[in-house]
Amino acid sequence: MTRHTKIYWAGFAVVMAVLIVAPLVLPEFWRRFLTEVLIWGLLAMSSDLLIGYTGMISFGHSAFFGLGMYGAAAALLMFSPPNLWLAIGFGLVGAAGAALFVAYFSTRLRDIYFAITTLIFSQIFYVIIFTWTKVTGGENGLIFTRPHFSIPYLFDIRFTSTTLHWFVLAVVTGSYLILRRVTQSPFGMVLQSIRENETRTRAIGYPVQRYKIVSVMLSGIFAGLAGVLYAVQNEFAAPDFVYFVTSGDTVIFNVIGGIGTLVGPIVGAGFFQLLRELMSRIFGDQFPYLIPVGFIFIAMIIFLQQGLLGFARRWLNK
Amino acid sequence: MSALAEISPQPLVRVEDVHTYYGKSHILHGVSLEVAPGEVVGLLGRNGVGKSTTLKTIMGLVPLSQGQVLLDGQKITGLPSHKLARLGIGYVPEDRRIFRLLTVMENLRTGLDRQGVSEAQRQALLDKVFTFFPVLGERRNQAGGTLSGGEQQMLAISRAMMLEPKIILLDEPTEGLMPRMVSQIRQIIDVLHNEGVAILLVEQNVPLTLAACQRVYIMEKGAVRHHCAASEIDVHDPVIKQYLGV
Amino acid sequence: MDAVVHFFQNFPYELLLIQTINGIVTGMILALVASGLTLIFGIMDVVNFAHGELFMLGAYVGIIVISSTGNFWLALVLSSLIVGILGAAIQVTTLRPLLGRDPLNTILATFGVSLILQNFALWQFGPVSRKIDQPVTTHFQLFYLQYPWYRILIAVLSAAMIGGLYAFLKYGKFGIWIRATTQDRVMAQAMGIPVPLVHTGVFALGAAMAAASGVLFGPLGSINHTMGLDWVLKAFIVVVVGGMGNLGGSILAAIFISLLEAYASIWVDPSQAVIVSFVVLILTLLFRPTGLFATPK
């Protein structure tokens, strides 16, 4: 084992240990806070596959997240007793469908146009969900109950906020490991080559558009997974999450945390949520915390392009 | 060398030990040259030795990593190109680069629309150019992109003349032109010289260069290798064979 | 046969004509907004995410001016001026440092600006929607409706402003500077054109146009801090459908899409009519990705 590998996994183990122990010592509010940070982190991480590794900025992740959420909601409402695995299944299928749709159109266009069209497509989904009240509950969304953690014939446990946290942690960690594997695979290398120089990659002979479509779909599926987790944790689905703001937040987490690192966006999500929480506690609920966030965001783009964890980017990807 | 003694104490343009990179490629390895006010100086060399890059460095289009460029004794290194144009450097690039979607007149106006130019002066400049290149006058409301290669070259030079520059950087003006046009280029160089405009001429056409210039520099592999008065050598000179021969 | 007759008898011709006029009116405002966006994109390769917020701020500044002076026209002029200056400031502080970098950075930067502007508006003006009163309250008889003259006025004013923009670009020194910079930025600089200034000027111009659109739109709908997103979204669609960087194309696209939406509103709820623009976008991307109305510039 190289020295790098040893240090990396040691660090990984430490972080995992902290996150596992945390819910046992934190008060309820912070326990849920941490769980939500992990969920948003997963969403941001999924987006990093596109932004950081393929070089495509997506403003449409709210659609994937939202469809994962609503897909899970559908499963939890249609079947009794509510089944966790069906929820995940439905959510992932919903997100994958949305991703395929978006990918098919958006990947025809390069760069900036891609970003705009993902934005427009996610708004399409928003409008459909918002107005199709019969199926989606429209403005009010859907409410349902949290499923149990059960494997048929083996066991059936209710989630507590602590065990739910561990479940989310397991899913997010698993996703991270899978995504890491993907980015380090030959497929991942091609993605990065597309990011560096798309024309040359195409000239060498790679079917660039196909790679892009797969990249968008992978990204969308993991974003949908985050949506499922959110639905399971909060027991509701609302169109607000499909609105552009979610996509915007995701991009913020990515830039602040550091693109191309996979863990950076999770840190970015944490930083953002923490900042919001602190600001509302110090300055009150009405304080427009997004204004200083906006300034930090712009400053980072101009001066600290790599984001908080960017300095470790090469190291984290080895 | 006798040629060097003729250079006036204050050169108009002075390039001092300039190193320029394109990415990781070291293109200019310490280029030094001078142009006196009103002088026509030639820059010869094979393809790829860095002649165009030298002009671009003077014009601020390519950043240099070492050395400096001086205009009238003042350091102009690092100044943006639009300031250099205002200070009196005209640039006629290798591929002409006229504004294809602008008319001939509008192309000229990009240089003509300056502060401090009276209506009479404007008319005088336009008349001068249209007298020398009547074709441009005829086509003044046509889009630049509809002109032939030779006409575009005339336009590119005229456009630079609109700036009333102290020096014009001419990059391979005769490339791809018919012999009739080549002599027209020769004539315009003489006219400009007679008006006191200095010219730094990058060319592959050796006879034209030796005839039109007072001094020549010869470059190879990113540096000046030879420098003499144009009258001291001719086309068959071994120096020419060495640096420009096939 | 009866069914056909019945269809034609009950076809809402009058409503169709009314909606045609409405569609053109909204289309002209959208065209004004999209022109600013196209101008900025064509010249600086910048996708101005904050364009909708400039529109929104224009409307709010209009409200402030009107409430202190009562004069709508003064509001129109002042708002354009103030937001234009704001636009220049934004370009110099946020976009100039990014010159030469990957264009994706500018989308992110303008997104950051839109965040700040939107939340600033929320903070200063609150979440409750406001309205601007019509400057001209007379109506004329259009079939069974009292149609407000104001709407016709907006369409005419927007067309005039777009026409003014076109003339400005075609004639005059600055028009030449702008067009030269668009075609060949490097050579424009070599000709002494102060390109950084041109960029700032164009961004300011685009911002001013967005602000003017905001004030003109004011009496037609409600003004709140989130209105920017809907408009910028539609403007983006218009720009893609019209052919990116194509001024004439985006104007045609704006009117085309607005007309279709206006007609759709006859049969469906307006919040669903917006799907029409999405469909047009999808069709354009499928069959004519360079733009439905793309003509060589």
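Computed log10 I(q)/I(0) for region A:87-152 at 0.19, 0.20, 0.21 Å⁻¹: -0.88, -0.93, -0.97, from the Debye equation with unit scatterers placed on every C-alpha and solvent omitted. Straight-line cross-link partners of residue A:318 among the lysines, defined as a Cα under 21 Å from its Cα and at least 8 positions apart when in the same chain: A:6. Only helical runs count toward this figure. For chain C, summing -39,500 (n - 2.57) over DSSP H runs of n ≥ 4 and dividing by all residues gives -24500 deg cm²/dmol at 222 nm.
The helix-based estimate of mean residue ellipticity at 222 nm for chain A, built from -39,500 (n - 2.57) per DSSP H run of four or more residues and divided by its residue count, is -24000 deg cm²/dmol to the nearest 500. For the pair residue C:156 and residue C:89, label points projected 7 Å from Cα toward Cβ lie 3.6 nm apart. Longer than 30 Å from Cα to Cα, which of B:51/C:173; B:56/B:128; B:24/B:166 are they? Say none if no pair is. Exceeds cut-off: B:51/C:173; B:24/B:166. Rounded to the nearest 20 debye, the dipole magnitude of the protein assembly as shown is 1180 debye, with +1 charges on Lys and Arg beta carbons, -1 on Asp and Glu beta carbons, and the Cα centre as origin. With a cut-off of 11 Å between beta carbons, the residues surrounding residue A:259 carry a summed charge of +1, where Lys and Arg count +1 and Asp and Glu -1.
In terms of surrounding Cβ atoms within a 10 Å radius of their Cβ, C:226, B:54 rank from fewest to most as C:226, B:54. Counted by Cβ distance under 11 Å from residue B:202, the other residues give a net charge of -3, where Lys and Arg count +1 and Asp and Glu count -1. Counting other Cβ atoms within 10 Å as a rough exposure proxy, the listed residues A:274, C:157, A:43, C:229 run A:274, C:157, C:229, A:43 from fewest neighbours to most.
In this calculation the C-beta distance from residue A:156 to residue A:12 is compared with R0 = 30 Å, giving a FRET efficiency of 0.40. In chain B, the calculated helix contribution to ellipticity at 222 nm averages -10500 deg cm²/dmol per residue, counting -39,500 (n - 2.57) for every DSSP H run with n ≥ 4.
Taking each full run of DSSP H in chain C as one helix, which ones are at least 24 Å long along their axis (Cα atoms) and have mean Kyte-Doolittle hydropathy of at least -1.0? Helix filter hits for chain C: C:13-44, C:51-69, C:72-90, C:104-125, C:149-170, C:195-217, C:247-267. In plain terms, the bigger the Kirkwood radius, the slower the diffusion; for chain B, with that radius from Cα pairs, at 37 °C and 0.692 mPa s, Stokes-Einstein puts D at 179 µm²/s. Taking the charge dipole of the protein assembly as shown about its Cα centre, with +1 at Lys and Arg Cβ atoms and -1 at Asp and Glu Cβ atoms, the residue from A:71, A:265, C:105 reaching farthest to the positive side is A:265. With neighbour counts taken as other beta-carbon atoms within 10 Å, the residues B:161, B:178 rank, fewest first, as B:178, B:161. As a calculated quantity, the FRET efficiency between residue B:180 and residue B:94 at R0 = 30 Å, using C-beta atoms, amounts to about 0.90. For the pair residue C:230 and residue C:69, label points projected 7 Å from Cα toward Cβ lie 2.9 nm apart.
A simple spin-label model places the labels of residue C:101 and residue A:22 2.9 nm from each other, with each point 7 Å out along Cα-to-Cβ. All other residues whose Cβ lies under 14 angstrom from that of residue A:133 are scored, Lys and Arg at +1 and Asp and Glu at -1, for a net of -1. When the Cα centres of region A:207-278 and region B:140-214 are compared, how far apart do they sit, in Å? What the calculation gives is 59 Å, centre to centre. Measuring between their Cα centroids, region B:87-138 and region A:80-121 lie 55 Å from each other. For region C:51-154, the set of chymotrypsin sites (Phe, Trp or Tyr not before Pro) satisfying both a DSSP loop assignment and a count of at most 16 other C-beta atoms within 10 Å is given as C:143, C:144.
Kindly state, to the nearest 0.05, the FRET efficiency for residue B:141 paired with residue B:211, given R0 = 35 Å and r defined as their beta-carbon distance. The pair residue B:141/residue B:211 has a calculated efficiency of 0.45.
The GluC sites (Glu not before Pro) of region B:91-174 meeting both criteria, a DSSP state outside H, G, I, E and B (loop) and at most 16 other C-beta atoms within 10 angstrom of the site's C-beta, are B:94.
Values in this text are rule-based calculations from the coordinates and carry no lab data. In this text, all values refer to a predicted model and were calculated from it rather than measured experimentally. Because the Cβ atoms are built from the backbone with ideal geometry, glycine has one as well, and the counts that use them run over all protein chains shown.
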